[in-house]
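Worksheet: the structure to be examined is printed underneath.
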Amino acid sequence: MDLRWSEVETSHVIRVAKKNGKRVRVPITPDLREVLNAEKKNRKPSPQDFVLLGPKGKKVYQETPFYLMVKGIGERAGVKDVHPHRFRDTFAVRALTAGCTFKDVAEFLGDNVTTIMKHYAEYSNEQAEQADAKLLAAN
């Protein structure tokens, strides 16, 4: 939620994960880039402004059109209690099924490989291939 415009670059979001201080670098898809560019043009934010939230008052923020769009997508998909962080799992699963390694996904999410494997191993072709290789090597 605290993603700032200063962390959004042309092709990546680059920031430090609060949870563990790891540097996170996530690619931005062309479609998302288009939406971010339109949002930036409409709002004309400073580098320290939030991407998903806009100022409303002291310690209270308003939902921006981008935030509302994210919520709308989730609601249309039938996801309850929609907020941007809920899409973390979706991102991880899509990355793994697209062929990214556990290490890749851990780096994208600012997490460690063990945690990623614990939560997402069932979605990974890599996990199945490693198991096959171990079994075949034992024979």
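Values in this text are rule-based calculations from the coordinates and carry no lab data. Source: prediction; values computed, not measured. Methodologically, a virtual Cβ is constructed for each residue, glycine included, from the backbone with ideal geometry; neighbour enumeration extends over all protein chains shown.
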Can you work out ³J(HN,Hα) from phi for every residue in the range 91-98, in order, using Karplus 6.51 cos²θ - 1.76 cosθ + 1.60 and θ = phi - 60°, giving whole Hz and x for Gly and Pro? 4, 4, 5, 5, 5, 5, 6, 7
Provide Rg and Dmax in Å for the chain, with only Cα atoms included in the calculation. 17.8, 67
Return the sequence-ordered ³J(HN,Hα) values of the range 111-126 in whole Hz as given by the Karplus equation 6.51 cos²θ - 1.76 cosθ + 1.60 applied to θ = phi - 60°, using x for Gly and Pro. 10, 10, 4, 4, 5, 5, 4, 4, 8, 10, 4, 5, 9, 9, 5, 4
In the structure shown, of K40/K71; K18/K103; K19/K118; K19/K103; K22/K118; K22/K134, the pairs separated by more than 22 angstrom at the C-alpha atoms are K22/K134
Order these by the 10 Å Cβ neighbour count, fewest first: D89, D111, D132, D81. D81, D132, D89, D111
Give me K40, K71, K134 ranked fewest to most by other Cβ atoms within 10 Å of their Cβ, as a rough exposure proxy. K134, K40, K71
